[in-house]
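Comments concern the structure below.
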Amino acid sequence: MYYTVAKFFLSLFDSQNKKKICNYFLKENKGKIQTLIDVGAHRGESIKFFNKYFSINKIYAFEPRLDNFEILKKKIKNLNNVEIFNFALGDKKGYADLHNHYDSESSTIAEINQNSNYFKKKNLYLNFLNLKKKNNKNTKVKIETLDNLINVEKIEFIDLVKIDTEGYDFHVIKGLGELITKVKFIYFEHHFHDMLVKNYKFCDIDRFLKSKNFKKVFKTKMFFRKTFEYIYKNNSIYK
């Protein structure tokens, strides 16, 4: 019960940021999205959000954690514009350990530093009474790349790639390869805390995207977390 209440109040604060993000895309895309790629679809929250405010032709959604995927499958069963995949995306094909967290949104391929202050603080706020199991077993998940998906599905244009992979975002972006030119917007989170062990920093993502002629056009801080949300726009084609 405590966990549910804490997550509910956190979602209320997050909704303020979602409104800002929604308003930005409504202004830019005039309420229409041809193709949306949702990486880290979780249980369909972003699918519900974007379908509510936009007319979307096609959504490709990816969720590697099996229990989340089964819930996602039920959530989208009546949606004709959504196709879902039960694997992760990265910068090379293969397999990796998914570190499952009791807070399913925090599951990640990145290493979790359980000795970090942020990890301890998060447990304090979300698992104050120690009712949630803290140490879930890792599961092996398949990794594909976005450039391969784009080629297989013969996607010509992508309005938006949304990425929420808890510290694995840069790998997903690099997986676009040369086909990043087909993307208009990339929307992702970056965590500045010490809980997630990453082999990159935000400046690496920023430098990489700028080298591909993307420009940072939106930034907002998520409430109560050392996490920011960013939107980059393909500036070489879409002025």
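Here, each number is a calculation from the coordinates, and none is a lab measurement. All values derive from a computational prediction rather than experimental measurement. We place every Cβ from the backbone using ideal geometry, glycine too, and count neighbours over all the protein chains shown.
Data table
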| read-out | value |
| --- | --- |
| Candidates 141, 161, 39, ranked by Gaussian network fluctuation over the chain, Cα under 10 Å, top entry | 141 |
| Estimated distance in nm for a label pair at residue 206 and residue 93, the labels positioned 7 Å out from Cα along Cα-to-Cβ | 3.5 |
| Geometric extent, Cα atoms of the chain - Rg, Dmax (angstrom) | 17.2, 52 |
| Residue of 168, 60, 95 that the Gaussian network model of the chain assigns the largest fluctuation, springs spanning Cα pairs under 10 Å | 95 |
| Anisotropy class of segment 185-231 from Cα gyration tensor, a/c 1.5 cut | oblate |
| Where labels lie 7 Å past Cα in the beta-carbon direction, separation of residue 194 and residue 81 in nm | 4.5 |
| Cα gyration tensor category, rounded, prolate or oblate, for segment 13-118 with a/c compared to 1.5 | prolate |
| Antiparallel bridges, percent of DSSP beta bridges restricted to the chain (to nearest 5) | 50 |
| Along principal axes, Cα extents of segment 155-239, largest first, whole Å | 37, 23, 22 |
| Formal net charge of residues neighbouring residue 179 (Cβ-Cβ distance under 12 Å; K, R +1; D, E -1) | 0 |
| Percent RCO, i.e. relative contact order, over the chain, from Cα pairs under 8 Å lying at least 6 residues apart | 19 |
| Charge-dipole axis of the chain as Lys and Arg at +1 and Asp and Glu at -1 on Cβ define it, positive-most pick from 195, 40, 54 | 54 |
| Computed label-point distance, nm, for sites residue 213 and residue 27 using a 7 Å Cα→Cβ extension | 2.4 |
| Max mean-square fluctuation residue, GNM over the chain, Cα-Cα springs under 10 Å, options 47, 150, 186 | 150 |
| Distance violations [Cα-Cα > 28 Å] among 32/73; 73/142; 75/162; 32/201; 182/219 | 32/201 |
